[in-house]
Amino acid sequence: MTKKIFGLPAFALLACMLPACAVDSMTEVEDGIDMPGAAPASAQVDGKIATLELSGGKVIFVDEGDGVGFWEIGNVDLSSLLHEQNASALEVFLALAPEGTPVPSRLVEHHAEVAARTGTVPAEPRKLAPTFVMPELAYLTNEPFDYHGSGLNCWGWGGTLSDYNASTGYDSFDLATFRSSFIADSQITGTVAAVSNGSGTLYSTSAGGGGWFDTSWSHEREMAICASKAIPYGQPGSCDGNGVFVNVTVQRTDDAVTFVGVDTLDLEAFGVGARFRSNATNTGSRARKYRIQATFNAENDTSPTADTECQDQAAVVWRSKHTGGGIILP
């Protein structure tokens, strides 16, 4: 049963269907910087607009200040809506929410702004088909609510399913493969001068560990994180009883060029991933820098030594695009 979590007035919306739009070819430039240690403290903003819980996953709509972004968690992939149908955030909501669900006013406001500014979506929002929830497409994504099953694989990008272990994740996990799969599925296209990519691994320690990665200054951005695997420090078997628990925070720069917290979530098993995407219809907005930060703890460890003898890892990838104009606009 799909449900949403908020309470806002309903709006009467009509629906129509338009053809899918094409995407451009792309080249890319490397621009990733690993920033170990704890990120500086930042102010918090209440970024959640709405949460839609689906079978095996969820979508969280996030207010980015001058746009709307999405968390895709678990058995969720918005590519058909965002890539092929050029959906606005409101149209994504209408495609996923049960009939009669109250619509957040922020999504209605954002859709009207995008329609007036770009003309790429109709003024009257469409009711589009969310093909990603069809059972035959479930293999494209992971199943985070079946933590003891073998289907945990970060959209199929995590590793070889046969080597999955609940205590150590994927021994075959390869960051380069994870990164190339993420880029191939990206909505962001463009020239070598406009598009930047980055990737790296964050690690646990007995003190919690973690760290963060920053994107380039950009108008469009996507980020993904996967709880990938664990490496034993001690003797064979020292990861027995190990679990992974990663608290993930997304931050962005505000108009004063200060990082503010946008949203947080938890990854509670190896092979579980979360992907954050800004909607491409936000392109006319201010250039911003984004940060994805991870902090580990031992909440899922059942062995008293696992925290100190087993190093958990989380892989991070990001992609961003600068569409022109000044970088910092005070």
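What do you reckon, is Y147 at pLDDT 85 or above and either open to solvent by 30 Å² or more (accessible area, probe 1.4 Å) or under 17 Å from W71 (Cα atoms) (or both)? When the stated conditions are applied, Y147 does not pass them. Every test in (1) within 16 Å of the chain's Cα centre (by Cα); (2) on the phi < 0 side of the Ramachandran plot; (3) open to solvent by less than 10 Å² (accessible area, probe 1.4 Å) is passed by C154 save one, and that test is (2). Test C239 against the criterion of being in contact (Cβ under 8 Å) with a residue 40 or more places away in the chain, closer than 27 Å to V68 by Cβ and either open to solvent by 10 Å² or more (accessible area, probe 1.4 Å) or touching a Cys at 6+ places or on another chain (Cβ under 6 Å) (or both), and give yes or no. Criteria not met by C239. Only a single item in (1) open to solvent by 40 Å² or more (accessible area, probe 1.4 Å); (2) modelled with pLDDT of 80 or more; (3) of a type in the set (S, T, N, Q) is not met by S186, and it is number (1). For region 39-65, taking the residues that are at pLDDT below 75 and hydroxyl-bearing (S, T, Y), the one that is surrounded by the fewest Cβ atoms within 10 Å (Cβ to Cβ) is identified as S55.
The values are calculated or read from the model by the stated rules, or taken from the named source; none is laboratory data. Just so you know, these numbers come straight off a predicted model, no measurement behind them. Using ideal geometry, Cβ is built from the backbone for each residue, glycine included, and neighbour counts are taken over all protein chains shown. The area values use the complete protein model at the heavy-atom level, side chains included, leaving out ligands, DNA and RNA. Shrake-Rupley method; radii C 1.70, N 1.55, O 1.52, S 1.80 Å.
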